[in-house]
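Peer 1: Take a look at this one; I'll ask things after.
No value in this document is a laboratory result; all are computed from the given coordinates. None of the values given here were measured: they were computed from a predicted structure. Heads up, the Cβs are rebuilt from the backbone with ideal geometry, glycines too, and the neighbour counts pull from every protein chain shown.
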């Protein structure tokens, strides 16, 4: 009898051990329903199980999802998530997440991800991600990104990016970037850029591509051009020029950008009879190398001629200056060439009140009952350039 009891006990113990081992090795269930963890079909052990279908009325904690999960408020998973995940407030996953995740407020993934995510406020990824992220306010990836970010306010990636970023205010990449950035205010890349940046302020190191903005900043343009009111390229083109012509007798120009496209800031002096006038202007230009010392350039600018007393009337000289350039050394060069001039003024050209003395006209037209005029002529420009 004693031996039989021992035998039965050993058999039960072995059977229980076998069942326990089987349960531990098959931590997957077809589905679960939770009201508010741990009130659910998996009870307090819910974090141990991965489910094909998971439904959390308010809040649930599960071991993972391989299918679909729906939560009224918050879905939380301690294991991998593959498939679709939808929450009224937030999805919080500590392991890999692949598929489609949607939340009214936030999606938080602490591990890597290959997903399309939609969040009312923010998508936050703790490691690298592949996919497309849409957020009402912010997308953040604390690793590299292959894909696209669409943020109502900001997108931030703390690693390299291959893809696109679109933000209402700013995009930031703490690494290299390949693709396209567009933001209402700023695009900032701490590494190299291959592609396009479009915003009020753009920044990158070595750039192959295009910058379009009010302020563009770069260390170097290996290929491509910046286009903006201020384009500062550390290893680009910087020059001061002193030039003169038949209409504006003396001009001081500052040029910045790259040889292929630079911005021009101008101040000048002219006279009409005994009256002296000052001018200021803005333009863009491009320069092409013929040889190491010989270059040609084309500058387009608009120059406002200041009256001695304030006047809202038009008084603009638009110029296209072509020039043949000879670079004496790395810093000093000389240039000369023809210019095409269009002068639009609301002052009578025959009056002493006219700030700009027109030398002659190839074409002249009066408008607004002779209160305004347009004059066109060919002239010239010449000067010295100091490059630094």
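Peer 1: Using alpha-carbon pairs under 8 Å, 6+ residues apart, how would you state the relative contact order of segment 195-345 in percent? It would help to have the intermediate numbers written out before the result.
Peer 2: Values: 393 pairs, mean separation 17.9, N = 151.
About 12 percent, as a whole number.
Peer 1: Continuing with the same structure: For the chain, what's the relative contact order in percent, using C-alpha pairs closer than 8 Å and at least 6 residues apart?
Peer 2: Numbers: 1217 pairs, mean separation 22.3, N = 388.
Once normalised by length, the contact order is 6 percent.
Peer 1: Could you order the peptides 238-247, 184-193 from most to least packed, using the average number of other C-beta atoms within 10 Å per residue?
Peer 2: 184-193, 238-247
Peer 1: Can you give the convex hull volume per residue for the Cα atoms of segment 237-387, as a whole number of Å³?
Peer 2: Here the figure is 101 Å³ per residue.
Peer 1: In degrees between 0 and 90, to the nearest 10, how far off the longest principal axis of the chain does helix 2-25 point, with axes built from Cα atoms?
Peer 2: 10
Peer 1: Looking at the P(r) of the chain, how many percent of alpha-carbon pairs lie beyond 32 Å?
Peer 2: 58
Peer 1: Related question: Rank by packing, highest mean first: peptides 217-230, 275-288, with packing defined as the count of other Cβ atoms within 10 Å averaged across residues.
Peer 2: Sorting 217-230, 275-288 by mean packing, highest first, produces 217-230, 275-288.
Peer 1: Next up: Kindly work out what percent of the DSSP beta bridges joining two residues of segment 134-259 are antiparallel, to the nearest 5.
Peer 2: The answer is about 10 percent antiparallel.
Peer 1: Further, regarding this structure: By its C-alpha gyration tensor, with a ≥ b ≥ c as the square roots of the eigenvalues, how is segment 114-193 shaped: rounded for a/c under 1.5, else prolate for a/b larger than b/c, else oblate?
Peer 2: oblate
Peer 1: If you take every DSSP beta bridge fully contained in the chain, what fraction is antiparallel? Give it as a percent rounded to 5.
Peer 2: Antiparallel bridges: around 40 percent, rounded to the nearest 5.
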